[in-house]
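Here the structure is laid out as structure tokens; the discussion comes afterwards.
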Amino acid sequence: MTTILTFIAVFGTLVVIHELGHYYFAKKAGILVREFSVGFGPKIFAHRKGETTYTIRLLPLGGYVRMAGYEEETDIRPGMPVTVKLDDAGHVSVINLYSKKQLADAVPLEVTSFDLERELFIEGRQRSEIDQTVRYPVNRDALVIEQDGTTVQIAPIDRQFQSAPLIQRMLTNFAGPLNNLLLAIVTFILIAFLQGGIISNEPRAGKVEPGSPAEAAGLEEGDLIRTIDGEKMDSWVEMVLTIQEHPEEELTLEVQKPEGATETLTVVPEADTTEDGQTYGLIGVNASMETSIIAKISYGFTQTWNIITQIGSVLLSMVTGGFSVDMFGGPVAIYATTEAVVQTGAAGILNWLAVLSINLGILNLLPVPALDGGKLLLNVIEGIRGKPLSEEKEGIIMLIGVGLLFLLMVVVTWNDIQRFFLR
């Protein structure tokens, strides 16, 4: 149960933060945001505030922000029976497509034509006057109760995505991945504060284990290991590797004390053995911690950048060395890894959240149709051409992108099931 709740919390946080980026910049650009949804599929909860309906849907595998003009429009078509509610001026304030909901004082109508973008009207035959059509003006902020019961607002053309300036549309598309990177930075900073600092890569002794070779040699917390057998140590990693290469061999350390004095110590690393039988040396000293506020805040940026470069290396290897489905992981892989991460405690879960957030942000920036990066690429093409691609061409490109992503998701999910549950 703990794993399930952690998975939902982590995945939900990633989705909400990502979509909040799109939501915020869309609102700032004057684009109508019809719905903010966490999850896909059937609606299990809805709350309307302002112009936006906030929903939670059954399948917690993502989410979306429905921006007017950027998604399939409300499914009204000629011949459809609807009911409309009129205000005191005789203008339509609500169009109801949901057969299970009855509106008080609503007028039944069989739709013959409508325009909810420019002319703002709906026309149809009333059941009592089957041969006569009536035409009602529609308010700019009229509501539509969709066929699944979700209430959204109509979108005049000036409130639609394509009507916003190009730079604001680009910011709206970029904002989701940007939020994921910001989430990672904040999370790594939080981890640093929770740990009381960050592990330093400086070859300086931290806590010395009682009874260890380091304690026997006289090494103390805060000592800086300058050289080992005359070889200069530039980092903690280099120092550890050098010690590991000399189990049960006498090593001479040149050590600088915190007050500045230099001493020469002799230590003999004790031998230990890995699971595959390899012997290595250790002296029983931990890495030092940097505890300054600047170090903790810097960690958020440096660690995020380190992971970005690692992901970049993997993506580059896919181009130069070939593609493998094992390079990807879907919700099944995330769940399986979350099960192990839960055992590491709060810091491990937060680290996992940050790593996933960076992965989500970078992958969404890939120039693939239907991803944010693909939409940004279309924005760039529009800027170069001075006009957007036709709706037909853009629709075809997006359809191909969605199809490829769906196919990849199916393949990745099946591969994850085999890797984690069928072997």
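All of the numbers you see were taken from the coordinates with simple rules; none came from a lab. As the structure is a computational prediction, the values presented were derived from the model and not from experiment. A quick note on method: Cβ atoms are made from the backbone with ideal geometry, for glycine too, and the neighbour counts reach across all protein chains shown.
Between Phe45, Leu143, Thr133, the Cα set farthest toward the positive side of the dipole of the range 23-172 (charges on each charged residue's Cβ, about the Cα centre) is that of Phe45. In the range 133-287, taking the dipole from charged Cβ atoms about the Cα centre, the farthest positive-side position among Ala205, Leu282, Gln195 is held by Gln195. Computed from the C-alpha gyration tensor, the three semi-axes of the ellipsoid equivalent to the range 123-192 are 45, 17, 8 Å, from longest to shortest.
Each peptide in 211-220, 13-22 gets a packing score, the mean of other Cβ atoms within 10 Å over its residues, and the list from highest to lowest is 13-22, 211-220.
Quick check on the chain: what are the equivalent-ellipsoid semi-axes from the Cα gyration tensor, as sqrt(5λ), descending, whole Å?
On the way: eigenvalues 739, 86, 83 Å².
Ellipsoid half-lengths, sorted descending, are 61, 21, 20 Å.
Were the residues from Ser113 through Ala347 laid out at 0.36 nm apart, the gain over their Cα-Cα distance would be 78.4 nm. Among the lysines of the chain, pairs that are 8 or more positions apart or on different chains and have alpha carbons within less than 15 Å of each other number 6. Estimated from helical segments only, the mean residue ellipticity of the chain at 222 nm is -14000 deg cm²/dmol, where each DSSP H run of four or more residues counts as -39500 (n - 2.57). Where in the range 81-169 are there trypsin sites (Lys or Arg not before Pro) that are in a DSSP coil and have at most 14 other Cβ atoms within 10 angstrom of their Cβ? For trypsin sites (Lys or Arg not before Pro) across the range 81-169 that sit outside H, G, I, E and B with at most 14 neighbouring Cβ atoms in 10 Å, the list reads Lys100, Lys101, Arg118, Arg127. A straight chain from Asp75 to Lys207 at 0.36 nm per residue would run longer than the Cα-Cα distance by 40.9 nm. If R0 is taken as 51 Å, the Cβ-Cβ distance between Thr279 and Phe193 corresponds to a FRET efficiency of 0.85.
Listed values for the range 201-213 are Karplus-derived 3J(HN,Hα) couplings in whole Hz (6.51 cos²θ - 1.76 cosθ + 1.60, θ = phi - 60°), namely 8, 6, x, 10, 6, x, 5, 9, 6, x, x, 8, x, and x replaces Gly and Pro.
Each residue, Ile293 and Gln126, gets one label point 7 Å from its Cα in the Cβ direction; the gap between the two is 7.0 nm. One equal scatterer on each Cα of the range 1-74, no solvent, Debye formula: the resulting log10 I(q)/I(0) at q = 0.12, 0.14, 0.19 Å⁻¹ is -0.34, -0.45, -0.79. Expressed as a whole percent, the proportion of Cα-Cα pairs in the range 21-131 lying more than 20 Å apart is 53%. When the GluC sites (Glu not before Pro) in the range 89-154 are filtered for DSSP coil states and for at most 16 other beta-carbon atoms within 10 Å of their beta-carbon, the remaining sites are Glu117, Glu119.
So what's the net charge close to Val208: Lys and Arg +1, Asp and Glu -1, counting the other residues with Cβ under 12 Å from its Cβ? Walk me through the numbers before you get to the answer.
Details: positive: Arg204, Lys207; negative: Glu209, Glu215, Glu220, Glu221, Asp223.
Net charge around Val208: -3.
Once backbone amide H atoms are built at 1.01 Å from N, Leu86 has Ser93, Val107 as its partners under 5 Å, excluding neighbours fewer than 5 places away on the same chain.
Charged side chains reduced to their Cβ positions (Lys and Arg at +1, Asp and Glu at -1) give the chain a dipole of some 2380 debye around its Cα centre. A simple spin-label model places the labels of Leu103 and Glu238 7.4 nm from each other, with each point 7 Å out along Cα-to-Cβ.
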